[in-house]
Amino acid sequence: MDVTQIILQDHAEQRRLFAAINEIDPSDTEALTAVWGRLKALLDSHAEAEERFFYPDLLKTGTGAADADDAEEETRDAIGDHNEIRDTGEKVQNYKVGTPEWFSAVAACEVANSDHMGEEERQGLADFRKRNSLEERHKLGVRFLAFQCAHLTGVPVKDKDVDDYVEDPAQTLGNA
């Protein structure tokens, strides 16, 4: 079990669920509601798990990968992205399921999420794999997965202050 692999598997599931929404007939609001509910819970719990178990360690061990100068830049960008994903996900809730406005809001969330995943996969995840042993990635993977399993229906949605997070992730998350 490797935290970076778990994150990649979550990304694949997120992509699959966004694609499924695009293939469901707009009149099938029961199916759309169910799929969106699962996707929203996954997006929120995934971001929170990364903020609790992945990014604090990346800040300690990372040096930057691909087009990121350093781990702080990778982390700042990711936490900002998570805030955008949370915000666009919450906006979906403002529209009647199956309407053009609802699909447009879902699309905005998908764009925010897709942009984030691409950056994270070439930056933070690559950086983390290079700098951390499989044993350490396993330990974090267990904690990450346990958190997600304990929060299958989601987590409270709360944006993080990027500067405060980078300065002290534990304090920002209430883990201090």
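The values are calculated or read from the model by the stated rules, or taken from the named source; none is laboratory data. As the structure is a prediction and not an experimental result, all values here were calculated from the model. All Cβ positions, even for glycine, are placed from backbone atoms using ideal geometry, and neighbour counts span all protein chains on display. When the accessible area is computed, the model is the full protein with side chains, heavy atoms only, and any ligands, DNA or RNA have been set aside. Shrake-Rupley method; radii C 1.70, N 1.55, O 1.52, S 1.80 Å.
For the chain, with only Lys/Arg (+1) and Asp/Glu (-1) charged at the beta-carbon, what is the dipole magnitude about the Cα centre, in debye rounded to 20?
Working: 19 positive and 38 negative charges, 149 e Å.
My answer is approximately 720 debye.
Suppose a student asked you for the relative contact order of the chain, using Cα pairs under 8 Å spaced at least 6 residues apart; what percent would you report?
Details: 191 pairs, mean separation 64.9, N = 176.
Reported as a whole number, the value is 37 percent.
Using a 1.4 Å probe, what is the accessible area per residue for the chain, in Å²? Let's see the in-between values first.
Values: 8550 Å² over 176 residues.
Ligands and nucleic acids excluded, the result is 49 Å² per residue.
For the chain, build the charge dipole from Cβ charges (+1 Lys, Arg; -1 Asp, Glu) around the Cα centre, then report which of PRO56, VAL142, HIS116 sits farthest towards its positive end.
Sorting the options by dipole projection puts first VAL142.
When the Karplus curve 6.51 cos²θ - 1.76 cosθ + 1.60 is applied with θ = phi - 60°, which whole-Hz ³J(HN,Hα) does each residue of region 36-47 get, with x for Gly and Pro?
Along region 36-47, the couplings run 4, x, 5, 5, 4, 4, 5, 4, 6, 6, 5, 4 Hz.
Could you give the Stokes-Einstein D for the chain in µm² per second, using the C-alpha Kirkwood radius, 20 °C, 1.002 mPa s? Can you show the working numbers first?
Details: Rh = 16.5 Å.
The Stokes-Einstein estimate is 130 µm²/s.
Among the lysines, which fall within straight-line cross-link reach of LYS158, defined as a Cα-Cα distance under 16 Å, with same-chain neighbours fewer than 8 residues apart omitted?
LYS40, LYS91
Using Cα positions and a limit of under 18 Å, work out the aspartates and glutamates in reach of LYS139, with same-chain residues fewer than 8 apart set aside.
Partners found: ASP2, ASP10, GLU48, GLU50, GLU51, ASP57, ASP127.
Per DSSP H run of at least 4 residues, take -39500 (n - 2.57); add these up for the chain, divide by its residues and hand me the 222 nm value, nearest 500 deg cm²/dmol.
Values: 9 runs with 130 residues, N = 176.
Taken over the chain, the calculation gives -24000 deg cm²/dmol.
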